[in-house]
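Structure, as structure tokens:
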Amino acid sequence: MRKRAYLPLIICWVFYFLLCIAFINYVGDNYNRKKSVVAERKQQIGVELETATLSPEELEENFSEAATEEEDTSLAEVDNEEMNQLIQTVLQAMADGDAKTLRLLDAYPKTYDDEESLKRGAEMIEEYKNVKNYFKKGLFADTYFIFTTADMKIKGCETLAPSMLEFYVVKKEDGKFMIDTTPTDDMDVAVSNYMVKMQNESDVLQLVETVNQSFAIACQNDKNLKKIVTGQS
């Protein structure tokens with residue numbers, strides 16, 4: 001499988017306002033009806049995950065072609081200061097609706113051409129607190145899938161809302177990290193399929209479940225939070 005010419009870059013799989021909308025929709029639906037296990041897992045991290053079209057055997061074959069040696073793919077906390085600072089800066093820029101800063105941090109700055117949509121998403125969030133970043137190694141060298149947990153401070157609500165975001169992080173040639181919100185349809189299919197594989201591994205699903213449980217408890221304890229994010233009293 002041929003790599004994309006511009007790798008390494010950073011791909012942020014979750015554009016902020018889409019994440020907020022999907023996450024809120026998930027919570028609202030979860031209060032109204034039971035979902036199938038597959039649908040629930042797809043929405044637990046705030047996005048509709050694309051189902052890989054290849055068979056497990058074909059996926060493994062593609063992955064082995066791209067990787068020169070078997071890597072440990074277990075979930076671990078990020079200890080790289082530069083990477084942690086990048087994610088922190090991105091989150092704050094999202095909360096501020098700061099398109100200018102996001103363009104500087106993103107290898108695909110066209111994402112922020114619709115500044116009004118970004119600002120509408122930012123109207124809901126005041127800041128992110130208690131940020132923790134976890135990673136799995138990506139398909140290619142110097143690439144990482146980042147799973148970020150954070151407590152959202154929602155405007156008009158005192159209770160923090162547990163949340164989760166996902167980024168795909170790689171180094172540029174100068175050694176610096178960036179984010180890249182290139183649309184999924186334009187990505188290397190091997191990377192997209194590998195992303196699905198990582199998202200559905202047991203340690204990631206356990207982290208998702210932990211965040212969801214914390215969020216449900218927060219809504220139970222604060223009816224105002226539940227009303228803000230679900231529209232239900």
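Any read-out appearing in this document is the output of simple, stated calculations on the displayed coordinates, not a laboratory observation. Remember, predicted model here, so these are calculated numbers, not experimental data.
3J(HN,Hα) along segment 106-121: 10, 6, 10, x, 4, 3, 9, 5, 8, 5, 5, 5, 4, 5, 5, x Hz, from the Karplus curve 6.51 cos²θ - 1.76 cosθ + 1.60 with θ = phi - 60°, whole Hz, x for Gly and Pro. Segment 189-233 and segment 84-120 have Cα centres lying 22 Å from one another.
For the cross-link pairs K153/K227; K110/K155; K137/K171; K119/K171; K132/K153, the ones whose C-alpha atoms lie over 21 Å apart are K110/K155; K119/K171.
Rounded to whole numbers, the Karplus 3J(HN,Hα) couplings from phi for segment 194-200 are 5, 4, 4, 4, 5, 5, 9 Hz, using 6.51 cos²θ - 1.76 cosθ + 1.60 with θ = phi - 60°, and x at Gly and Pro.
Database remark: amide H of E166 closer than 5 angstrom to the amide H of V14, T148 (H placed geometrically; neighbours at sequence offset of 5 or more, or on other chains; Pro and chain starts carry no H). Across segment 214-225, coupling constants 3J(HN,Hα) worked out from phi with the 6.51/-1.76/1.60 Karplus curve, θ = phi - 60°, read 5, 5, 4, 5, 4, 5, 5, 7, 9, 5, 5, 4 Hz, and Gly and Pro carry x.
Using the Cα atoms as the points, what is the convex hull volume per residue of segment 76-233 in Å³?
126 Å³
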